[in-house]
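To start, the structure itself, in structure tokens.
Every number in this text was worked out from the coordinates using simple rules, so none of it is lab data. Here the structure is a predicted model, which is why all the values come from computation and not from measurement. All Cβ positions, even for glycine, are placed from backbone atoms using ideal geometry, and neighbour counts span all protein chains on display.
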Amino acid sequence: MTRFLSFGQDARRIAEADSVAVIGLGRFGTSLAVELMGSGTEVLGIDADEDVVQSLNGVLTQVVRADSTRLEVLQQLAIGEFDRVVLAIGSDITASILTASLLLQLDVPVIWAKAVDERHGAVLEQLGVHKVIYPEKDMGRRVAHLVRGAAADYLEIDEGYAIVKSFAPQLLHGITLAEGAVRHTHGVTIAAYRGAKRSWENAEADTVLHEGDLVLVVGPTTDVERFAQLR
Ligand code: ATP
């Protein structure tokens, strides 16, 4: 236990900053932790595997080798003082559930947990985990839409409602969005566009699109997909 004491002091300092603890540094946990660091958030990473910890040393604010299923370990690492914890252990469902219950016991205000399937997710939700995520399932759905359609990017906001990035179709070239009446004729809203200036701008009624412009289209999934297929 003593070897966690100095880590505990560092972890406490990190917890005081606007920071996140990520438990389980597999592909998902690592990618999330690195992205958070890139956007200026301090990250305490925890993993049971020494090689994983070594490989992320110096990449995250602090990386600790520890077993997250032990309450005293989480206490030493001051996990209860973090506002947000992401539990990114997936395949080891027992470790995921045990850790989740300890995080709840420590009163972590916001817990995000990864689930590998619906049954795992249901248990995490029953325990009281605040946000359960299904990275494989969500990514699978997203890629399916990208493979099927002509969209450059696709994000389902909720069941049946999506946002799509695609090229402005020819029927809108050289006219204002008001003249194009996209909402009326296609059931979607063009929220933003990227034209010759190559920066994104809010789309207005008098916005005129040209060949090669990208648009961000919001609306019911079937409508935005149909719109993205227009040439
Ligand atoms: P991914 O798909 O993101 O690579 P995964 O779904 O395969 O991950 P796991 O293999 O269960 O998920 O776990 C991811 C990481 O969590 C691994 O690096 C593993 O060492 C770590 N891990 C598993 N159990 C524990 C534990 N009890 N304490 C800390 N870390 C753990």
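A convex hull fitted around the alpha carbon atoms of the chain yields 147 Å³ per residue. Note on the chain: with charges restricted to the Cβ of Lys and Arg (+1) and Asp and Glu (-1), its dipole about the Cα centre is near 380 debye.
For the stretch 181-190, putting each phi into the Karplus relation 6.51 cos²θ - 1.76 cosθ + 1.60 with θ = phi - 60° gives couplings of 6, 4, 5, 6, 8, 10, x, 10, 10, 8 Hz, in residue order, rounded to whole numbers and with x for Gly and Pro. In percent, how large is the relative contact order of the chain, given Cα pairs closer than 8 Å and 6 or more residues apart? Result for the chain is 14 percent. Remark: the stretch 5-133 carries a charge dipole of roughly 100 debye about the Cα centre, counting +1 on each Lys and Arg Cβ and -1 on each Asp and Glu Cβ.
The Cα center of the stretch 150-206 and the Cα center of the stretch 62-80 differ in position by 47 Å. Annotation: peptides 56-65, 21-30, 161-170, ranked by per-residue average of other Cβ atoms within 10 Å with the highest first, follow the order 21-30, 161-170, 56-65. In plain terms, the chain from Arg226 to Arg142 could stretch by 28.7 nm, reckoned as 0.36 nm per residue minus the Cα-Cα distance.
For the stretch 5-133, the Cα-based Rg and Dmax, in that order, read 13.1, 39 Å.
Other residues lying with their Cβ under 14 Å from the Cβ of Leu25 contribute a combined charge of -4, Lys and Arg counting +1, Asp and Glu -1.
Backbone phi angles across the stretch 78-86, fed through the Karplus curve with coefficients 6.51, -1.76 and 1.60 (θ = phi - 60°), yield HN-Hα couplings of 6, 4, x, 8, 7, 6, 9, 10, 10 Hz in residue order; Gly and Pro are listed as x. Cross-link partners for Lys197 among the lysines, with Cα-Cα distance under 30 Å and sequence neighbours closer than 8 places in the same chain left out: Lys165. With contributions of -39500 (n - 2.57) from each DSSP H run of at least four residues, the per-residue ellipticity at 222 nm computed over the chain stands at -11500 deg cm²/dmol. Counting only residues at least eight positions apart within a chain, or on another chain, the lysines with an alpha carbon under 25 Å from that of Lys131 are Lys114. The Cβ shell under 14 Å around Gly212 holds other residues with a net charge of +3, Lys and Arg each +1, Asp and Glu each -1.
Other residues whose C-beta falls under 15 angstrom from the C-beta of Ile157 contribute a net charge of -4, scoring Lys and Arg +1 and Asp and Glu -1. Within the stretch 171-231, the ratio Rg/Rh, alpha carbon atoms throughout and Rh by Kirkwood, equals 0.93.
The angle between the Cα long axis of helix 27-38 and the longest principal axis of the Cα atoms of the chain comes to about 80 degrees, rounded to the nearest 10.
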